[in-house]
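Down below is the structure, laid out as structure tokens.
The values are calculated or read from the model by the stated rules, or taken from the named source; none is laboratory data. What you see is a predicted model, and the numbers here were worked out from it, not measured in a lab. A quick note on method: Cβ atoms are made from the backbone with ideal geometry, for glycine too, and the neighbour counts reach across all protein chains shown. Note: accessible area is taken over every heavy atom of the protein model, side chains too, but ligands, DNA and RNA are not part of it. Shrake-Rupley method; radii C 1.70, N 1.55, O 1.52, S 1.80 Å.
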Amino acid sequence: MAIYQPVNEQLGYCFHPPTAEHSLGYPQLDVVIRPTPTGKHFDPESFTCLVAAPNGWTRLRIVHPWAQENTYRVCAGEIVIEDARPEQVKAFTFGGALQIDSDERRTICQLTSPTPLLEHSRRGLSLEEHLIEEVAILFAQRRAVQDDDVFDRRLAAADPLWLYRACLVALDEKFAHFPVNDDVHRRFKQFLCVATQPLTDEVVPTLAELL
């Protein structure tokens, strides 16, 4: 069961601080969509993510006011927050739970996840951006060896925590013998080593078993 932390309604969006369990990324994202921009900060006009559907997943775009369902199971994929200009804030999730609260004043979207929510970097290849890119490659490889509809159904059904762990293990194996020629790859290998260390005694499903 997702535990939602209080929303700071004065902001347009907010990534909650990392927890001790996940120093990378964030455990929760809040987005506040108002009928009229405040002009004081980034003013979201829409929040878009992938959510589970009967035959896989569908792209959900939330605007104000919101009169549809107020809870959704979010699938692994891109998150886009967009304002009226339009400028975008993008992130990646391995999946989670979305709660929506809407009245005449505003629509609040709260996304929580047991795995890190990774914000796309605007300044080069950050550790988060590197992980997002490598996970995208893993997903593309799994999609390439099966029918798209089958892959989409498996992606939608995948447990976020096991999916995240399976990706970490797969990447740790991939980069185990990767030559380190720069700080970017050195930092990434170190992250993978530390992140997979607690999984040594866990029976982590392979990515092929999940996707």
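Take the conditions (1) open to solvent by 50 Å² or more (accessible area, probe 1.4 Å); (2) closer than 30 Å to residue 174 by Cα; residue 135 misses just one of them, which is (1).
Within region 20-72, restricting attention to residues that are part of a strand (DSSP E or B) and basic (Lys, Arg), the residue that is farthest from residue 5 (Cα to Cα) is 59. Going through (1) open to solvent by 30 Å² or more (accessible area, probe 1.4 Å); (2) free of Cβ contacts under 8 Å to residues at least 24 places away in the same chain; (3) over 18 Å from residue 50 (Cβ atoms) one by one, residue 129 falls short only on (1). If the condition is being surrounded by fewer than 11 Cβ atoms within 10 Å (Cβ to Cβ), of a type outside the set (Asp, Glu) and in a loop (DSSP other than H, G, I, E, B), then region 179-205 contributes 179, 181, 200, 203. Cβ-Cβ distance below 7 Å, separation of 6 or more or different chains: which pairs start in region 152-173 with a residue that is within 16 Å of residue 200 (Cβ to Cβ) and part of a helix (DSSP H, G or I) and end on one that is among the polar types (S, T, N, Q) and open to solvent by 40 Å² or more (accessible area, probe 1.4 Å)? Taking only residues 6 or more apart or on different chains, the pairs are 166/206. The single condition among (1) out of contact with any strand residue (DSSP E or B) (no Cβ under 8 Å at 6 or more places or on another chain); (2) open to solvent by 30 Å² or more (accessible area, probe 1.4 Å); (3) modelled with pLDDT of 95 or more; (4) not basic (Lys, Arg) that residue 161 does not meet is (1). In region 143-150, the count of residues that are outside any helix (DSSP H, G or I) and open to solvent by 80 Å² or more (accessible area, probe 1.4 Å) is one or more.
Here residue 23 fits the description: small (Gly, Ala, Ser) and open to solvent by 70 Å² or more (accessible area, probe 1.4 Å). Of all the numbered requirements in (1) within 30 Å of residue 137 (Cβ to Cβ); (2) among the hydroxyl-bearing types (Ser, Thr, Tyr); (3) free of Cβ contacts under 8 Å to residues at least 60 places away in the same chain, residue 93 misses one, and that requirement is (3).
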